[in-house]
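The values are calculated or read from the model by the stated rules, or taken from the named source; none is laboratory data. Predicted, not measured: the structure shown is a model, and the values here were computed from it. Note that we place each Cβ from the backbone using ideal geometry, even for glycine, and neighbour counts take in every protein chain shown. Quick note on the areas: whole protein, heavy atoms, side chains included, nothing else; ligands and nucleic acids left out. Shrake-Rupley method; radii C 1.70, N 1.55, O 1.52, S 1.80 Å.
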Amino acid sequence: MPKSLGNHAIVLGAGIAGLATAQVLSSYFSKVTILERDVLPREPAPRHGTPQAPHAHNLLAGGLQALHSLFPNFEDDLVSAGAVRTRVGKGLRQERP
């Protein structure tokens, strides 16, 4: 793949997919702009455009590994923001009817 694909890339959405995409594109474009309809909070908090934000979320090992390759301190940053490390099958109990 060529080192530069262009001068300016635009990414729609500042969710996890948009931010990861912007990080990848930053290696190939001199400028990357992320367009987001919501005002981003300074602290971790649900946003109007993300109705699923208050739900519990899990990040599996493969996703963590992929995000860590893009953002080297990703796991530590998550924990600093309040994420809780768990072991799948050991650190979480889910009951369903």
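Which distance in Å, rounded to a whole number, links the C-alpha centroids of the stretch 36-97 and the stretch 1-31?
22
Put +1 on the Cβ of every Lys and Arg and -1 on every Asp and Glu Cβ in the chain; which of ALA81, PHE29, GLY63 then has its Cα farthest towards the positive end of the dipole?
Checked the options; the winner is GLY63.
Does anyone have the angle between helix 61-70 and the longest principal axis of the chain? Alpha-carbon axes, 0 to 90°, nearest 10?
Taking the Cα atoms of the chain, the angle to 61-70 is about 30 degrees.
Is it possible to state the helix-based mean residue ellipticity at 222 nm for the chain, with each DSSP H run of 4+ residues giving -39500 (n - 2.57), the sum divided by total residues, to the nearest 500 deg cm²/dmol? What is it?
Working: 3 runs with 27 residues, N = 97.
Per the formula, -8000 deg cm²/dmol.
Tilt of helix 16-25 relative to the longest C-alpha principal axis of the chain, in degrees (0 to 90, nearest 10)?
30
May I ask for the net charge around ILE16, where only other residues with Cβ less than 15 Å from the Cβ of ILE16 are counted and Lys, Arg are +1 while Asp, Glu are -1?
Working: positive: ARG47; negative: GLU36, ASP38, GLU75, ASP77.
Once all neighbours under 15 Å are counted, the net charge is -3.
Which semi-axis lengths, in whole Å and largest first, follow from the square roots of five times the eigenvalues of the Cα gyration tensor of the stretch 31-97?
Working: eigenvalues 121, 69, 26 Å².
Semi-axes from the Cα gyration tensor: 25, 19, 11 Å.
If contacts are Cα pairs under 8 angstrom and at least 6 residues apart, what is the relative contact order of the chain in percent?
20
Go through the stretch 82-88 residue by residue and turn each phi into a ³J(HN,Hα) via Karplus (6.51, -1.76, 1.60, θ = phi - 60°); whole Hz please, and just put x for glycine and proline.
My calculation for the stretch 82-88 gives x, 5, 10, 6, 9, 10, 4 Hz in order.
Could you report the accessible area of THR21 in Å², rounded to 10, computed with a 1.4 Å probe on the protein chains as they sit in the structure?
Taking all protein chains as shown, THR21 has close to 60 Å².
About the Cα centre of the chain, how large is the charge dipole given +1 on each Lys and Arg Cβ and -1 on each Asp and Glu Cβ? Please answer in debye to the nearest 20.
Numbers: 10 positive and 7 negative charges, 40 e Å.
Computed charge dipole of the chain: roughly 200 debye.
Could you pull out every residue, at least 5 positions away or on a different chain, whose amide H is within less than 5 Å of the one on VAL32? Hs are placed 1.01 Å off N in the peptide plane, and Pro or chain starts have none.
Amide H neighbours of VAL32: ALA9.
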